[in-house]
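Here, each number is a calculation from the coordinates, and none is a lab measurement. Since we're looking at a predicted model, the values are computed, not measured. No Cβ is skipped: glycine too gets one built from the backbone with ideal geometry, and neighbour counts run over all protein chains shown.
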Amino acid sequence: MLIRKAEDIRPSEITSKSNYLNRRNFLKSAGAIGGSALAGPALSAVVPVEEHAKIPNIATSRFSKEERNNSLEDISTYNNYYEFGTGKADPHKYSQKFKPRPWKITVDGEAEETGTYDFDDFIKPFDAEERIYRMRCVEAWSMVIPWVGISLAEVVKRFKPTSKAKYVAFTTLHDPSRMPGQRSRVLDWPYREGLTIAEATNPLAILAIGIYGEALPNQNGAPIRLVTPWKYGFKGIKGIVRMSFVEKQPRTSWNLSAPQEYGFYANVNPDVDHPRWSQARERRIGTGLFADKIPTRMFNGYGEQVADLYKGLDLRKNF
Ligand code: MTE
């Protein structure tokens, strides 16, 4: 099968043409005024503050998989978010009072455009798209989630990384007064993650801002989190406040905490056992405890889009 490289897929193929052209014009005029670039005409990505309000103008994406989605209840009550506790029900229980506003995102490091932006200004230049993705967690459970997101490739391009930038490092908010789990030392806070520039500019990677057409629930990472469906769930850092373009491979939370169990790449690979369990099969949440497990696929079934990124890399060593 012919595998297209990420750089061969034009942004106009991913988003609607009119939005693409509008955004081009916006980026051009934004570029002309330099650093204050994100203040400009609003295009499509807007997240209303009212609870359960629908995100307007969501485009569908050709990357969505036809599968039965998990219910919002499954998706928002069985979570990992150690900032709100280590149990699967804790994030739902303990994040209800969390206010994901005001919210600032800092972009820094090896890029021509850097700065600190209000969340709403940060997402404004991009299209909000629905991406239905299969998600696979390292503990052998999986879900199908109708995310609403903006293309990470477009975000990266907008900040114009320099040739020195080899990776993008992401950081979660560190505020123990708002995130009670950070009062315990279960992880070395703040939560951190990273991608290579090639991974971050693969068309599948998104920054999610919603689920089922509504703003992200707090427990799923409001107001903005990473989604890379070919990698284990732990790569999907939530509550992002910083994106840094860096030259060296960044340290990541789970790799720091248990390097023998969690590597930098974290690609879904049924052939490499986790030191404490097999990764060959998975249980789809919502199908019942006694339902048959299903086989896990290489790159979670997204090999056609991403296998190229790892050519020549030993995926047993670089797990
Ligand atoms: N991001 C932060 N900031 N803190 C976390 O503890 N847990 C990760 C990831 N992102 C985590 C995080 C893990 S282990 C998983 S499996 C996914 O979030 C779970 O995402 P979900 O709860 O939306 O399914």
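Considering region 278-319, its Cα convex hull presents a mean projected area of 3.9 nm².
Rg/Rh for region 200-300 (Cα atoms only, Rh after Kirkwood) is 0.99.
D for region 6-261, whole µm²/s, Stokes-Einstein with Kirkwood Rh over alpha-carbon pairs at 25 °C and 0.890 mPa s: what number? Provide the component values of the computation, followed by the final result.
Numbers: Rh = 18.4 Å.
Value of D from the Cα-based Kirkwood radius: 133 µm²/s.
In this label model, LEU72 and SER177 are separated by 3.2 nm, measuring between points 7 Å along each Cα→Cβ vector. Hey, with R₀ at 25 Å, roughly what FRET efficiency would ARG185 and HIS274 work out to, going by the Cβ-Cβ distance, to 0.05? Result of the calculation: an efficiency of 0.60. Rg and Dmax over the alpha-carbon atoms of region 41-83 stand at 14.3, 38 Å.
The base-10 log of I(q)/I(0) for region 67-202, evaluated at q = 0.10, 0.18 Å⁻¹, reads -0.42, -1.36 [Debye formula, identical scatterers on Cα atoms, solvent excluded]. Annotation for GLN260 and LYS99: the two label points, set 7 Å from Cα along the Cα-Cβ direction, are 4.6 nm apart.
Can you return the lysines within cross-link range of LYS88? Criterion is Cα-Cα under 30 Å, with same-chain partners fewer than 8 residues away left out. Answer for LYS88, where 30 Å is the Cα cut-off: LYS54, LYS65, LYS97, LYS99, LYS104, LYS231, LYS235, LYS238, LYS293, LYS317, listed by chain and number. Calculated mean residue ellipticity at 222 nm for the chain: -4000 deg cm²/dmol, from DSSP H runs with n ≥ 4 weighted as -39500 (n - 2.57), summed, divided by the residue count and rounded to 500.
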